[in-house]
Amino acid sequence: MRKSLSQRIGLGALGVVVALLFVFPTYWMFTSSLKTPGQVLSPDYDLIPLSATLDNFVSALTKPGFTTYLMNSLIVTLGAVLCSLVAGVLAAVPLSRMRFRGRKGFLLLVLVAQLAPFEALLIPMYLLMRDAGLLNQLPSLLLVYFAATLPFTCWMLYGFVNGIPYDLEEAAMIDGCSRAGAFRRVTLPLLAPGLVTTSVFSFITAWNEFLFAFVFMRDQNKQTLPVWLSSFRTAFSVDWGGIMAASVIYAVPALVFFILVQRKLVSNLTAGAVKG
């Protein structure tokens, strides 16, 4: 019993240390956003600021183009997540439930597509979008993010569908449901945790993407928030307080999205497949 208690205390202490290591950069960012430029660059950095100012947040929110950049990011990110979820489900279910020639080869291609560096596709995608006349258009950026998140979504949902017993669908079809009805009434509700999990990762991937938005969207009114963050750095100076405040603002939508879907994830993980 003593050994078990000591192990739990040790694991708990280790967990606290790891949590602090992950939380500290966020804490540093938030406290720096509440300081003046002189305090941010001061060698005597206070971990607990004795005085705070909201000037950095006011400067970031009133910076030209913030609302436009925010709406552009939300449109392309949420659109890419929705499209990847729909296409991922339509691909994962046949791959899991059906046996056909080339299925394993297709799964291997999906995995290889996921392993490929996203930056290596920049030049081919740019040439493709240029020839198709899709540069400087938000739908082209949405398509790029959709292509970037689809392999991961398809692979993850394939594993979640495999974890749902096919006997549940067969029981529903015996009770009178069609195959589509059994999927809609049985499989899809049980697949909700997988949809939530993949949507979180897809949202983070698309929300934080900078390179393609910077290269494809040359007009300022069509750029996204990651490009907006880079505007706080000029050739002559860096507004560190503004960057920290803008980073806090930039993290809020992703945090809100996670909080909203986290409740759905927990409720579905604790729900049973059949009544007891």
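Quick notes on this one:
- Taking the listed residues I249, I204, the one that is β-branched (V, I, T) and either closer than 30 Å to S42 by Cα or in contact with a His (Cβ under 9 Å, 6 or more places away or on another chain) (or both) is I249, with no other qualifying.
- Listing of helices (runs of 4 or more DSSP H) fully contained in the stretch 1-110 that carry 1 or more residues being without any contact (Cβ under 8 Å) to a residue 60 or more places away in the chain and under 17 Å from M244 (Cα atoms): 2-33, 37-40, 55-61
- Residue ranges of helices (runs of 4 or more DSSP H) in the stretch 132-246 with at least 2 members open to solvent by 50 Å² or more (accessible area, probe 1.4 Å) and within 30 Å of A116 (Cα to Cα): 138-162, 192-207, 211-216
- Condition met for T224 (touching a residue at least 40 places away in the same chain (Cβ under 8 Å) and closer than 30 Å to L121 by Cα): yes
- Residue under evaluation R103, criteria (1) open to solvent by 60 Å² or more (accessible area, probe 1.4 Å); (2) of a type outside the set (S, T, Y); (3) modelled with pLDDT under 85, criterion not met: (1)
- Every condition in (1) loosely packed, with under 11 Cβ neighbours inside 10 Å; (2) in contact with a Phe, Trp or Tyr (Cβ under 9 Å, 6 or more places away or on another chain); (3) closer than 28 Å to L211 by Cα holds for L47 except the one numbered (3).
The values are calculated or read from the model by the stated rules, or taken from the named source; none is laboratory data. Bear in mind that the values here come from a model prediction, so they are computed numbers and not experimental data. All Cβ positions, glycine included, derive from the backbone under ideal geometry; neighbour counts span all protein chains shown. SASA here: full protein model, heavy atoms, side chains in, ligands and nucleic acids out. Shrake-Rupley method; radii C 1.70, N 1.55, O 1.52, S 1.80 Å.
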